[in-house]
Amino acid sequence: MTNAASSLYTESARTKKRNSAERRFKAYGLAAIGAGLFFLVVLLWQIIGNGAGAFLQTRLSLPIALDTAAIEKAEGSMMKTSGYNKLIVAGLEGAMEAQGIKAVLDKKAAKALLSSGAPNTLRQFVLKNPDKLGQTVTLSLAGSSRLDGYLKGRVTRDSIADDKAIRPEHLDLADALQGAGLLRKSFNWGFITGNDASDLRPEQSGMGQSVLGSLAMMLVVLAVCLPVSVAASIYLEEFAPKNRLTAFIEVNISNLAAVPSIVYGILALAAFIQFGGGTMGIEAFRASAPLVGGLALSLMTLPTIIIATRAALKAVPQSIRDAALGVGASQMQAVFHHVLPLAMPGIMTGTIIGLAAALGETAPLLLIGMVAFVQTDIASASSFFTDPNVGMPAQIYIWATRADGAWYERAWGGIILLLIFLALMNAVAIFLRRKFERRW
């Protein structure tokens, strides 16, 4: 007679304990995934909530009479800004009168509603459109950072109690202008395509120059790291003899991947700027140049890509190599015709991961001077890698250290653009991986 305790249809105490442990492990895994998703959602919510405002800009639409005599007088004066400012103030007064808005501020005080860069915006319009002289045109001019913050809810009447730049009367006038349709928020293309601005004009700052700087550095990193890392990985994995020397090299590559990035910044400062640019006199090796920044990031990224590339080569089954050698291929033919194509998806993925890590680095850029205020556009394609520039992480760092709350908003907006740039890089990695993927 069969004992019920030992029946196959009855769970023993040991089986119950094992099944309970499996259920707990699954619960732990689901809890870990849930916690990770929760913190990811919170992070994205914070980034988007704090940075979305940077993509909107408060603008004031004003009819401005381009008086030829006044403009010629302004251009002939050392204080061009003052002359164009008078035209803008006259346009503001005319718009208020046309809408029946009662003046609550004098001319000088009303200028605080507009960005200090508004006169230059008008001047650039006149220089590009000389045929408009003598006419009245409607221009959309950027509002001041305080006005922009008021329409976005960042600035309140209570918060400006001790603010010398804006008073409650300015906010009353802003409400009247908004009610008349002269003041509104619109998409801020200048934040994506523009350059950095001075500490006093956060409303006119943009990430365009830093995006180009990061792009230039990533191209340098790709051009340096991909061929060097693939060549080094192929030699170490497929051709190098297994002895103490190669073991020493492999250990040091792993150790270099863990070295803090600021060490590579010091190395780049000494090797490229002080020695290459100073001692050797190489003009391209100068502070703030994307070429130097890219080389500094390349030093940091090489070990990471070499490790990923070796892992991709190691993942190719040995049978592929044996089959190629068995039909008469040389070792080099077996590697380049069979192993390397099969490892290419993993190599591309590792390369993009390395580039993504380099994209977010700030410490090496601080040491080579890529945190300078850069407002001028790149002169030509030939100077794309050598003209002074700034990277996206460094630009975000610069904005985060400034006092005005508008810079804080733009720093978060810069993080959004950085994540979009990173997402595009990952999309390229996925495309390349699928393009080169082969199955065995």
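Values computed for the structure shown
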{"quantity": "Qualifying residues in region 151-169 (those that are in contact (Cβ under 8 Å) with a residue 40 or more places away in the chain and more than 13 Å from Asp404 (Cα to Cα)) - the one most open to solvent (accessible area, probe 1.4 Å)", "calculated": "Arg167"}
{"quantity": "All helices (runs of 4 or more DSSP H) inside region 105-195 with 1 or more residues being among the polar types (S, T, N, Q) and closer than 27 Å to Trp412 by Cα", "calculated": "118-128, 145-151, 168-179, 189-193"}
{"quantity": "Test: residue in region 297-317 that is more than 30 Å from Pro393 (Cα to Cα), among the aliphatic types (A, V, I, L, M) and open to solvent by 40 Å² or more (accessible area, probe 1.4 Å)", "calculated": "yes"}
{"quantity": "Pairs with Cβ under 7 Å, 6+ apart, first in region 332-358 and in contact (Cβ under 8 Å) with a residue 12 or more places away in the chain, second outside any helix (DSSP H, G or I) and among the aromatic types (Phe, Trp, Tyr)", "calculated": "Leu342/Trp440"}
{"quantity": "Qualifying position, being assigned to a helix (DSSP H, G or I), modelled with pLDDT under 85 and exposed (fewer than 11 other Cβ atoms within 10 Å of the Cβ), among Thr15, Thr2, Thr81", "calculated": "Thr15"}
{"quantity": "In region 318-330, the residues that are farther than 21 Å from Ala247 by Cβ and either among the small types (Gly, Ala, Ser) or open to solvent by 60 Å² or more (accessible area, probe 1.4 Å) (or both)", "calculated": "Ser319, Asp322, Ala323, Ala324, Leu325, Gly326, Val327, Gly328, Ala329, Ser330"}
{"quantity": "Among the candidates Arg286, Arg310, residue that is more than 22 Å from the chain's Cα centre (by Cα) and part of a helix (DSSP H, G or I)", "calculated": "Arg310"}
{"quantity": "Residue match in region 273-291 (condition: out of contact with any Phe, Trp or Tyr (no Cβ under 7 Å at 6 or more places or on another chain), open to solvent by less than 60 Å² (accessible area, probe 1.4 Å), over 22 Å from Leu355 (Cα atoms) and in contact (Cβ under 8 Å) with a residue 12 or more places away in the chain)", "calculated": "yes"}
{"quantity": "From Ile420, Ile398, Ile430, residue being assigned to a helix (DSSP H, G or I), within 14 Å of the chain's Cα centre (by Cα) and without any contact (Cβ under 8 Å) to a residue 40 or more places away in the chain", "calculated": "Ile420"}
{"quantity": "Residue check for Gly208: touching a residue at least 12 places away in the same chain (Cβ under 8 Å), open to solvent by less than 60 Å² (accessible area, probe 1.4 Å), closer than 20 Å to Ile368 by Cα and out of contact with any strand residue (DSSP E or B) (no Cβ under 8 Å at 6 or more places or on another chain)", "calculated": "no"}
{"quantity": "Residue that is nearest to Ser229 (Cα to Cα) [pool: residues in region 300-354 that are hydroxyl-bearing (Ser, Thr, Tyr) and touching a helix residue (DSSP H, G or I) at 6+ places or on another chain (Cβ under 8 Å)]", "calculated": "Thr309"}
{"quantity": "Count of residues meeting criterion [free of Cβ contacts under 8 Å to residues at least 60 places away in the same chain and aliphatic (A, V, I, L, M)] in region 170-192", "calculated": "1"}
{"quantity": "Region 18-30 residues that are part of a helix (DSSP H, G or I), paired with ones that are surrounded by 10 or more Cβ atoms within 10 Å (Cβ to Cβ) (beta carbon under 8 Å, 6 or more apart)", "calculated": "Asn19/Glu11"}
{"quantity": "Among the residues listed as Ala74, Ala110, Ala103, the single one being within 30 Å of Ala406 (Cα to Cα), touching a helix residue (DSSP H, G or I) at 6+ places or on another chain (Cβ under 9 Å), open to solvent by less than 60 Å² (accessible area, probe 1.4 Å) and of a type in the set (Gly, Ala, Ser)", "calculated": "Ala110"}
{"quantity": "Total residues in region 388-427, condition out of contact with any helix residue (DSSP H, G or I) (no Cβ under 6 Å at 6 or more places or on another chain), open to solvent by less than 50 Å² (accessible area, probe 1.4 Å) and at pLDDT 85 or above", "calculated": "4"}
{"quantity": "Hey, Ser61 open to solvent by less than 80 Å² (accessible area, probe 1.4 Å), part of a strand (DSSP E or B), over 30 Å from Ile415 (Cβ atoms) and among the small types (Gly, Ala, Ser) or not", "calculated": "yes"}
{"quantity": "Neighbours by Cβ (under 7 Å, 6+ apart or cross-chain): first from region 118-147, farther than 30 Å from Lys164 by Cβ; second assigned to a loop (DSSP other than H, G, I, E, B) and open to solvent by less than 40 Å² (accessible area, probe 1.4 Å)", "calculated": "Val126/Leu66; Lys132/Leu66; Leu133/Leu66; Gly134/Leu66; Gln135/Leu66; Val137/Leu66"}
{"quantity": "Residues that are in contact (Cβ under 8 Å) with a residue 12 or more places away in the chain and closer than 25 Å to Val230 by Cα, drawn from region 263-272", "calculated": "Tyr264, Gly265, Leu267, Ala268, Phe272"}
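The values are calculated or read from the model by the stated rules, or taken from the named source; none is laboratory data. Please read all numbers here as calculations on a predicted model, not as lab measurements. FYI the Cβ positions are ideal-geometry reconstructions off the backbone, even for glycines, and counts take in every protein chain you see. Remember, those area values only see protein heavy atoms, side chains included, never the ligands or the DNA or RNA. Shrake-Rupley method; radii C 1.70, N 1.55, O 1.52, S 1.80 Å.
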